[in-house]
Amino acid sequence: MKWMWMVALVALVGCKSENKAPASAEAGAPGAPAAQKKLSVGFSQVGAESAWRTAETQSIRGEAEKRGVDLKFADAQGKQAQQIQALTSFIAQKVDAIVLAPVVETGWDVVLSQAKQANIPVILVDRGIKVTDDSLYTTLIASDFVEEGRMAAEWLAKQTNGKANVYELQGTTGAAPAIDRKKGFEEVLAKYPELKIVKSQSADFTRAKGKEVMEAFIKSDGKQIQAVYAHNDDMALGAIQALEEAGMKPGEGVTVISVDGVKGAFEAMVAGKLNATVECNPLMGPLVFDTITKVRSGEKVEKFIKNTDRLFEKTNAAQVIGSREY
């Protein structure tokens, strides 16, 4: 009888072995397929000072959601100190990449050196920086701001026959678009001695500040104002409001040109109040994440990935406004 009990015991053990899951499928087993890690990206944005900036944020956030990327977003509210704090946090969280729209050009060496030491690629969007070592960032995806300034000046020279008193609304002091759009504009003006900037002041890329600065120009110079060059559409829209409130006629008595190409600018052109805008496309989301994918796969990318910009006038604004995405 003893041998019968032994046979039964062996059969029972064999049955349990057959029902047991394969070792490779067990949690933590060496042969188990690893769960794919979600791509983690930190995005430090300047703020939400304009419709253009909001469109850029929405493009990057929307593309991240579409691709299943864990996007860690930080709004700097126009303060570099907050951006540096955000980047330090991203590095501590060991993100896979950092996207930075820098408030100003300088002051990035220390925090970007930390990112480099952590092997985290940094993608600059829409604004460049000045660092002692260009390897501190991987690439810059942006428009050519100097060329935008040139385009605006060439158009204005043609419209005014090279003769006008120009009042300039600059962007944030120290910001790449403000520096470069002024530089390109002045390069062209050097060819037209009677097309001159009479007054120039920062209006921080905001509509409210654009209105405020324009009001000051009107108070001091009034009817001498023949043309306005604004480094972005929001400042131009504020300036248009100030001109109208002063009884002046933007788009007719005063020629107004700006940069960005937001829908509000097209509406102003259709209304005949803004004469022209130079496009600066903010819809960078797809290109940003395509670039991150290339970098992570070891593919070489250009140091400057350039957007193509166009100039639109009030004469054709009505035909294209319906197709504008921002």
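The values are calculated or read from the model by the stated rules, or taken from the named source; none is laboratory data. Every value quoted in this text rests on a predicted model; they were computed, and no experiment measured them. For neighbour counting, all protein chains shown are included, and Cβ atoms are generated from backbone atoms with ideal geometry for every residue, glycine included.
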Report summary line: From the option list A115, A86, single residue qualifying as within 19 Å of the chain's Cα centre (by Cα), part of a helix (DSSP H, G or I) and crowded, with 17+ Cβ neighbours inside 10 Å is A86
Query raised in the report: Just wondering, is there one or more residues in region 36-51 that are surrounded by 10 or more Cβ atoms within 10 Å (Cβ to Cβ), modelled with pLDDT under 95, polar (S, T, N, Q) and part of a helix (DSSP H, G or I)?
Result: no
Query raised in the report: Given the structure, is S220 modelled with pLDDT of 95 or more and buried (at least 24 other Cβ atoms within 10 Å of the Cβ)?
Result: no
Requested in this report: Tally the residues that are in a loop (DSSP other than H, G, I, E, B), closer than 23 Å to N307 by Cα and hydroxyl-bearing (S, T, Y), restricting the search to region 123-172.
Outcome: 4
Query raised in the report: Can you name the residue in region 273-326 that is of a type in the set (G, A, S) and touching an Asp or Glu at 6+ places or on another chain (Cβ under 7 Å) and, of all such residues, is farthest from R127 (Cα to Cα)?
Result: A276
Query - Among (1) of a type in the set (G, A, S); (2) on the phi < 0 side of the Ramachandran plot; (3) assigned to a helix (DSSP H, G or I) - the single one S200 does not satisfy - result: (3)
Query raised in the report: How many of the residues in region 188-197 are in contact with a helix residue (DSSP H, G or I) (Cβ under 6 Å, 6 or more places away or on another chain) and either surrounded by fewer than 16 Cβ atoms within 10 Å (Cβ to Cβ) or not in a loop (DSSP other than H, G, I, E, B) (or both)?
Result: 3
Query raised in the report: Any residue at all in region 172-186 that is more than 13 Å from Y229 (Cβ to Cβ) and without any contact (Cβ under 8 Å) to a residue 24 or more places away in the chain?
Result: no
